[in-house]
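The structure appears below as structure tokens.
The values are calculated or read from the model by the stated rules, or taken from the named source; none is laboratory data. In this text the structure is predicted, and so the values were computed from the model without any measurement. For neighbour counting, all protein chains shown are included, and Cβ atoms are generated from backbone atoms with ideal geometry for every residue, glycine included.
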Amino acid sequence: MSRRIGGEAAVPVRGATARCTVSVCRGCCCGTPKIPGLDHAAQLADLRASLAEVATVRPVTCLDACDHANVVVVQPSAEGRRAGGRPVWLGLVNDRAAAADVTAWVEAGGPGLAPLPAILDLYTFSPSRRVQEHLED
């Protein structure tokens, strides 16, 4: 949901129902003591609280990308998908700074609507097609 202002780029409308979805892996390796020093429950709660206005945050079972634990997948909003956005898989999201970078990008619009910040480019990876099918539309 957006509106055009004077022929300029679309501006998100507050409260629009088409939102990004942020899937936070909480399977066999992600969200477990295998990633020491991270409060996994607090990470999920922080993401939910900080993105409550702009995205749906949901825990998912194992995404079978354990080498990249903790995995977060940002799926575009409907508008982002129409603009060419596709799910972005982020791995090693193992500290507050990484989660804050994800939050800032999603708040800016996420895939298709906001360029991926250079810092998040360091976290991106491409899962196998079999794994990717779990979250594709």
Within region 64-104, track down each residue that is assigned to a loop (DSSP other than H, G, I, E, B) and within 18 Å of residue 115 (Cβ to Cβ). 76, 77, 83, 84, 85, 86, 87
So in region 29-56, with the set limited to residues that are free of Cβ contacts under 8 Å to residues at least 40 places away in the same chain and in contact with a strand residue (DSSP E or B) (Cβ under 8 Å, 6 or more places away or on another chain), which one is surrounded by the most Cβ atoms within 10 Å (Cβ to Cβ)? 31
Within region 33-51, identify whether any single residue is out of contact with any helix residue (DSSP H, G or I) (no Cβ under 6 Å at 6 or more places or on another chain), farther than 26 Å from residue 18 by Cβ and of a type in the set (Val, Ile, Thr), and answer yes or no. yes
Unique residue being surrounded by 15 or more Cβ atoms within 10 Å (Cβ to Cβ) and assigned to a loop (DSSP other than H, G, I, E, B) when the list is 115, 127, 59: 127
Being of a type outside the set (A, V, I, L, M, F, W, C), outside any strand (DSSP E or B) and on the phi > 0 side of the Ramachandran plot is the requirement here; does residue 37 meet it? yes
Could you identify the single residue in 69, 98 that is in contact (Cβ under 8 Å) with a residue 40 or more places away in the chain and either touching a strand residue (DSSP E or B) at 6+ places or on another chain (Cβ under 9 Å) or surrounded by fewer than 19 Cβ atoms within 10 Å (Cβ to Cβ) (or both)? 69
Failed criterion for residue 80 (all others in (1) free of Cβ contacts under 8 Å to residues at least 40 places away in the same chain; (2) more than 9 Å from the chain's Cα centre (by Cα) hold): (1)
Counting only residues in region 15-48 that are over 15 Å from residue 106 (Cβ atoms) and at pLDDT below 50, the one farthest from the chain's Cα centre (by Cα) is identified as 15
